[in-house]
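**Student:** Just passing along the structure, written as structure tokens.
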Number of protein chains: 2
Amino acid sequence: MTIFDRLLENFALHIKLDVPELQQITSAVQTRCLHKDELLLKTGEICRNLYFVDSGCLRVYTQDKNGSEHNVLFCPENWWAADMASFSGQVPAYYTIAALEATELLYFSYQSLEQLYIEVPKLERFFRILAQNGFSLYQRRVNSIISRSAEERYGQFQHLYPKLERRIAQKHIASYLGITPVFLSMIRKKR
Amino acid sequence: MTIFDRLLENFALHIKLDVPELQQITSAVQTRCLHKDELLLKTGEICRNLYFVDSGCLRVYTQDKNGSEHNVLFCPENWWAADMASFSGQVPAYYTIAALEATELLYFSYQSLEQLYIEVPKLERFFRILAQNGFSLYQRRVNSIISRSAEERYGQFQHLYPKLERRIAQKHIASYLGITPVFLSMIRKKR
């Protein structure tokens, strides 16, 4: 077992890589550890890396004018994380990303990924599918905020993130659902 | 000048195709004409094709419980259009797509595009970049609805869609901005 196992399993979901290709990829990967609550990206900074969560959990959030935080997405192990608009355009980020737990990351810098696309063209396929899936996820998330009840959104959260509920604070789940922690606790009791 | 010129120019933004590749692509392309107000996709249907707008303009919208329509996106010439979540997962669509003007489309079916990815792997790169750009656009759109004033959103609309304003009905622009036509007309007079 190497530190790349989870990452390479993730690639294997969509593409088949040979040994030289695997070597080219792993030689481009960098690693980073975050302690709980450490910031990975701040709104306004340029998101220079695309992260793969090897263990732990990130949250992606925004802060409104009143200082309240709104959780947009959680990224537990095997998820990819970035402010995609910031990363792909190398422009200032809209989101902030922080660790909810001690978190181990593997990542590609923007430049190293651009170079890898040339050396390992199969990665275009992988990241095309990843971008499409991310797009769909984000679209569903927006639609559910607009058109679903809090109870339905809670069910969708449980389905999308099995077992995550026991790991992270109530307030973060409530913020993801757009409700108060008190209301979340009422929904849970009702179930 | 052929019917494929605009489409091939669009591909050339991100990838360089040789003559056999161009032939494989053009042999997979299909065409469709829509008259003004004709529906291309209805909420709940599966979006089976990815469309390129050769001329005219589409609008992508949702309908709420009260029957009011909300314009999410306009797709004039040179834009790609689909319910991306529906197309990439072949699941029921959340959005409805209709023609705002007489519109000429080129399109790939889901199956023919999957086949083309095998025959012309460079297309993975093109559609990776397209998916990333679409993701970014959608993210910006959501963020601007959440955090920008109507005046700012109007400025963003004008920037994203130069000259479109003169072609489409006020009510559609107002719906895109999330305001009433009367309020839109007030913003315009102020400028």
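Coordinate-derived values only; no laboratory data. Treat the numbers as computed from the prediction; the structure is a model and nothing was measured. Because the Cβ atoms are built from the backbone with ideal geometry, glycine has one as well, and the counts that use them run over all protein chains shown.
**Student:** Please give the average number of partner chain Cβ atoms lying within 10 Å of the Cβ of each residue in A:169-180, rounded to a whole number.
**Tutor:** Values: counts 0, 0, 0, 0, 0, 0, 0, 0, 0, 0, 0, 0.
What the average comes to for A:169-180 is 0.
**Student:** While we're on this one: Under 29 Å Cα to Cα from B:Lys122, which lysines show up? Leave out anything in the same chain fewer than 8 places away.
**Tutor:** Within the straight-line limit of under 29 Å, B:Lys122 reaches these lysines: A:Lys16, A:Lys122, B:Lys16.
**Student:** Any idea how far the Cα center of the stretch A:63-87 sits from the one of the stretch B:37-54, in Å?
**Tutor:** Taking the Cα centre of each part, the stretch A:63-87 and the stretch B:37-54 sit 31 Å apart.
**Student:** Compare the peptides A:38-47, A:104-113 by average per-residue count of other Cβ atoms within 10 angstrom and give them in order, highest first. Show your work: numbers first, answer last.
**Tutor:** Values: A:38-47: 16.2, A:104-113: 17.9.
Averaged packing, sorted descending, gives the order A:104-113, A:38-47.
**Student:** On to the next question. If the label for B:Arg166 sits 7 angstrom from Cα along the Cα-to-Cβ line, what are its distances to the same label in every other copy, in nm to one decimal, shortest first?
**Tutor:** 6.5
**Student:** Taking the Cα centre of the protein assembly as shown as origin, sum charge times position over the Cβ atoms of Lys and Arg (+1) and Asp and Glu (-1), and report the length of that vector in debye to the nearest 20. Each step should come with its number before you reach the end.
**Tutor:** Numbers: 46 positive and 40 negative charges, 327 e Å.
I would put it at about 1580 debye.
**Student:** Still on this structure: Beta carbons within 10 angstrom, averaged per residue: use that to sort the peptides B:69-76, A:127-134, highest first. Spell out each step's value before the answer.
**Tutor:** Values: B:69-76: 19.6, A:127-134: 21.8.
Per-residue mean Cβ counts within 10 Å order the peptides as A:127-134, B:69-76.
**Student:** A further question on this structure: Provide the FRET efficiency to the nearest 0.05 for the A:Gln111-B:Glu101 pair, computing r from the beta carbons and using R0 = 45 Å.
**Tutor:** Working: r = 42 Å, r/R0 = 0.94.
Efficiency, rounded to the nearest 0.05: 0.60.
**Student:** Might you report the magnitude of the Cβ-based charge dipole of the stretch A:62-191 about its Cα centre, with Lys and Arg at +1 and Asp and Glu at -1, to the nearest 20 debye?
**Tutor:** Details: 16 positive and 12 negative charges, 158 e Å.
Roughly 760 debye for the stretch A:62-191.
**Student:** To the nearest 0.05, what FRET efficiency results for B:Arg167 and A:Lys42 with a Förster distance of 51 Å applied to their C-beta separation? Don't skip to the end; give the middle numbers.
**Tutor:** Details: r = 40 Å, r/R0 = 0.79.
The formula returns an efficiency of 0.80 here.
**Student:** Just from its helices, what would the mean residue ellipticity at 222 nm be for chain B, if runs of 4 or more DSSP H residues each count -39500 (n - 2.57) and the sum is divided by every residue, rounded to the nearest 500 deg cm²/dmol?
**Tutor:** Working: 8 runs with 89 residues, N = 191.
Estimated from H runs of four or more residues: -14000 deg cm²/dmol.
**Student:** Sticking with this one: How many Cβ atoms of partner chains, on average, are near each residue of B:135-146 if near means within 10 Å of its Cβ?
**Tutor:** That average works out to 6.
**Student:** Over every pair of different alpha-carbon atoms in the stretch B:59-164, take the mean of 1/r and invert it; report that Kirkwood radius in Å. Mind showing how you got there, number by number?
**Tutor:** Details: mean 1/r = 0.0631 Å⁻¹.
Answer for the stretch B:59-164: a Kirkwood hydrodynamic radius of 15.8 Å.
**Student:** Now, a different point. Over all distinct Cα pairs, what is the inverse of the mean 1/r for the stretch A:5-119, reported as the Kirkwood hydrodynamic radius in Å? Walk me through the intermediate numbers first.
**Tutor:** On the way: mean 1/r = 0.0676 Å⁻¹.
Final number for the Kirkwood radius of the stretch A:5-119 is 14.8 Å.
**Student:** What residues have an amide H closer than 5 Å to that of A:Glu77, excluding those fewer than 5 places away on the same chain, when H is modeled at 1.01 Å from N in the peptide plane?
**Tutor:** When sequence neighbours closer than 5 places are left aside, the close amide H contacts are A:Gly56.
**Student:** OK, next. Compute the label-point distances linking A:Gln115 to its equivalents in the other copies; points lie 7 Å from Cα along Cα→Cβ; give nm, one decimal, shortest first.
**Tutor:** Going from nearest to farthest copy, the values are 3.9 nm.
**Student:** Any of B:Lys163/B:Lys190; B:Lys36/B:Lys65; B:Lys36/B:Lys163; B:Lys42/B:Lys189; A:Lys190/B:Lys42; A:Lys163/A:Lys190 with alpha carbons more than 29 Å apart? Name them for me. Display every interim value, and only then the final one.
**Tutor:** Numbers: B:Lys163/B:Lys190 19 Å; B:Lys36/B:Lys65 25 Å; B:Lys36/B:Lys163 19 Å; B:Lys42/B:Lys189 36 Å; A:Lys190/B:Lys42 36 Å; A:Lys163/A:Lys190 19 Å.
Correct reply: B:Lys42/B:Lys189; A:Lys190/B:Lys42.
**Student:** Would you mind checking which residues have amide H under 5 Å from B:Leu41's amide H? H placed 1.01 Å from N; only 5 or more apart, or other chain.
**Tutor:** B:Ile97
**Student:** Output ³J(HN,Hα) for the stretch B:141-150: one whole-Hz value per residue in order, computed from phi by the Karplus curve 6.51 cos²θ - 1.76 cosθ + 1.60 with θ = phi - 60°, and x for Gly and Pro.
**Tutor:** So the Karplus estimates, Gly and Pro as x, are 4, 5, 4, 6, 5, 6, 10, 10, 6, 4 Hz.
**Student:** Here's another thing I want to ask about it. Taking each residue in B:82-93, count the Cβ atoms of any other chain within 10 Å of its Cβ, then average. What number comes out?
**Tutor:** Values: counts 0, 2, 7, 9, 2, 2, 7, 4, 0, 2, 0, 0.
Mean partner shielding for this stretch: 3.
**Student:** Among B:Ile168, B:Leu7, B:Ile179, which residue has its Cα furthest toward the positive end of the charge dipole of the protein assembly as shown, with +1 on Lys/Arg Cβ and -1 on Asp/Glu Cβ?
**Tutor:** With unit charges placed on the Cβ atoms, the residue in question is B:Ile179.
**Student:** Using R₀ = 25 Å, calculate the FRET efficiency as 1/(1 + (r/R₀)^6) where r is the Cβ-Cβ separation of A:His14 and A:Asn143; round to 0.05. Intermediate results must be reported in sequence, preceding the final value.
**Tutor:** Numbers: r = 25 Å, r/R0 = 0.99.
The computed FRET efficiency comes out at 0.50.
**Student:** On to the next question. Report the label-to-label distance for A:Val182 and B:Ile118 in nanometres (one decimal), using points 7 Å from each Cα along the Cα→Cβ vector.
**Tutor:** 6.0 nm
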